[in-house]
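What follows draws every value from the coordinates through simple rules; no lab data is involved. Since the structure is predicted, the reported quantities are computational estimates derived from the model, not experimental observations. Cβ atoms come from the backbone with ideal geometry, glycine included; neighbour counts cover every protein chain shown.
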Amino acid sequence: MNTHFTFLPIDLVDDPSDADAVHKQTMALFAGADLPGDEGMKRAGANILWRWERDGVIVSSDIEATDVPDGAQTWARDAELSFPAGSHIRFVATVDAVTRVRGKVRPVGDVTAWFADKVRAAFEVTSYQFVASSFARRRDARLEQVTVAGIGVVTDPAELARLTREGIGRSKAFGCGMLQAAAA
């Protein structure tokens, strides 16, 4: 199975500060695709994830985008990553680091501990190189997007492949959850 990627340069993104608008634009890439899942669950059914990367938006999905604008780039790679247990990886992810406290969603106090717990079954974080927060609009509210990057050691290659396909945490439709890994 392949994971498909689309890169939209910043000049192709309608409103970069509006996570709802970027979500709609991301889903428009798949307007001609027969996405799996019930109505309202199509993004999750195709594992469509996106996040800001350098000067644009990168989108990953199980299904190839059908409506790619001129100037965008597309590529695919084998979804089953070939990182054997014990190999060192570089990772980057943008997440909505929240937890439930007595039924209410609250930001976590220690993002690095929260992240390490979320990925524990796939890899052990050995160091963080970058942790930064940014804010986007989402349904007339602010969404805190925390980007974490670092080095880790793979403990379960299949779990790492699952996390890179399905994402981590909440707000995946709004630029959070996408995990990328490469050999260190």
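General observations
- Short-range pairs are left out: with C-alpha atoms under 8 Å and at least six residues apart, the relative contact order of the chain is 29 percent.
- Working note: Cα gyration tensor of region 58-184, eigenvalues times five, square-rooted, sorted largest first, giving semi-axes of 23, 22, 13 Å.
- If you count Lys pairs in the chain whose Cα atoms are under 23 Å apart, skipping same-chain pairs closer than 8 places in sequence, the total is 6.
- Using equal-weight Cα scatterers in the Debye expression, the normalised intensity of region 1-96 in log10 at q = 0.23 Å⁻¹ is -1.31.
- Charge dipole magnitude, Cβ of K and R +1, D and E -1 - region 1-57, Cα centre, debye nearest 20: 220
- Assuming charge only on the beta carbon of Lys and Arg (+1) and of Asp and Glu (-1), the dipole of region 29-184 about its Cα centre is about 800 debye to the nearest 20.
- Volume per residue that the Cα convex hull of region 51-122 spans, once the total is divided by residue count, Å³: 174
- Translational diffusion of region 110-184, µm² s⁻¹ [Kirkwood Rh, Cα pairs; Stokes-Einstein; 37 °C; 0.692 mPa s]: 250
- Charge dipole (the chain, unit charges on Cβ, about Cα centre) - positive-most of 37, 48, 103: 103
- Rounded to the nearest 500, the helix-only mean residue ellipticity at 222 nm of the chain stands at -5000 deg cm²/dmol, with each DSSP H run of n ≥ 4 adding -39,500 (n - 2.57).
- Cleavage-rule hits, trypsin sites (Lys or Arg not before Pro), region 117-184, DSSP coil, Cβ neighbours within 10 Å at most 10: 139
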